[in-house]
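Visitor: Got a structure here, written out as structure tokens. Questions coming.
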Amino acid sequence: MEYHLPAPSLTQQRLKHVSRSQNRPTYSRQTRHTTLHLKLRVRAELERKAKEQNLTISATGAALVEWALQQSISAQQGALLETIIDTSIGKHMRAYSDRNAALQVRTLIKTELILGIATNILGRQPGMDENILREIMNDADEAARASITRTTQQQKNIVATEKKQFDEKGGKTSD
């Protein structure tokens with residue numbers, strides 16, 4: 001038995017070249033059609049602004065909506081910014097304070113060591129009595145207190161060296 005297919009109709013012949021793909025079309029545009037219902041006065045203002053900028057109503061509306069959404073993001077980031085800055089500065093200030101405290105302790109220990117050695121050596125000198133030693137110590141104390149307000153170039157250089165070492169370590173202490 002032989003089967004014959006019916007002759008294609010004129011409509012089927014025209015559709016012959018049409019793609020029969022079941023895939024949905026992909027959007028190549030970066031935008032999507034969106035409908036907004038606006039109050040009349042808002043629509044009028046949107047039209048006025050579009051005309052003023054020589055843009056379409058759609059482009060103007062899209063720009064305004066995008067701007068409004070960015071303002072919301074900016075406000076959120078602004079609220080967090082102070083906390084982020086405080087945390088960051090606090091972290092670096094703690095590192096700096098720890099480094100500064102370590103330097104002060106080291107200086108205090110060495111100063112007390114030198115004072116003890118100098119007092120001991122001075123007290124063993126021939127002809128040294130307690131009154132002369134006390135007078136020398138008082139004069140040295142007064143001179144030391146007076147020199148606190150002066151900063152010598154040597155002290156500036158030492159501070160600069162310490163600062164450089166601190167900065168090279170990224171604000172971290174050497175402990």
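Visitor: When the residues of segment 92-119 are filtered to those that are under 18 Å from Lys163 (Cβ atoms) and among the basic types (Lys, Arg), which remaining residue is surrounded by the fewest Cβ atoms within 10 Å (Cβ to Cβ)?
Guide: Arg106
Visitor: Do we have Asp167 as more than 30 Å from Gly90 (Cα to Cα) and in a helix (DSSP H, G or I) here?
Guide: no
Visitor: List pairs: first residue in segment 93-122 and among the polar types (S, T, N, Q), second residue part of a helix (DSSP H, G or I) anywhere in the structure, Cβ distance under 8 angstrom, at least six positions apart or on different chains.
Guide: What qualifies is Thr119/Leu133; Thr119/Met137.
Visitor: Out of all the residues in segment 34-55, is one or more on the phi > 0 side of the Ramachandran plot and either at pLDDT 90 or above or surrounded by 10 or more Cβ atoms within 10 Å (Cβ to Cβ) (or both)? Write out each step before concluding.
Guide: Step one: of segment 34-55, the residues on the phi > 0 side of the Ramachandran plot are 54.
So of that shortlist, the ones also either at pLDDT 90 or above or surrounded by 10 or more Cβ atoms within 10 Å (Cβ to Cβ) (or both) come out as 54.
Scanning segment 34-55 turns up at least one residue that is on the phi > 0 side of the Ramachandran plot and either at pLDDT 90 or above or surrounded by 10 or more Cβ atoms within 10 Å (Cβ to Cβ) (or both).
Visitor: Right, next: Does Ile114 meet the test of being under 30 Å from Leu133 (Cα atoms), of a type in the set (A, V, I, L, M, F, W, C), modelled with pLDDT of 90 or more and part of a helix (DSSP H, G or I)?
Guide: Against the criterion (under 30 Å from Leu133 (Cα atoms), of a type in the set (A, V, I, L, M, F, W, C), modelled with pLDDT of 90 or more and part of a helix (DSSP H, G or I)), Ile114 qualifies.
The values are calculated or read from the model by the stated rules, or taken from the named source; none is laboratory data. Keep in mind the model is a prediction, meaning the values are calculated, not measured. Note that we place each Cβ from the backbone using ideal geometry, even for glycine, and neighbour counts take in every protein chain shown.
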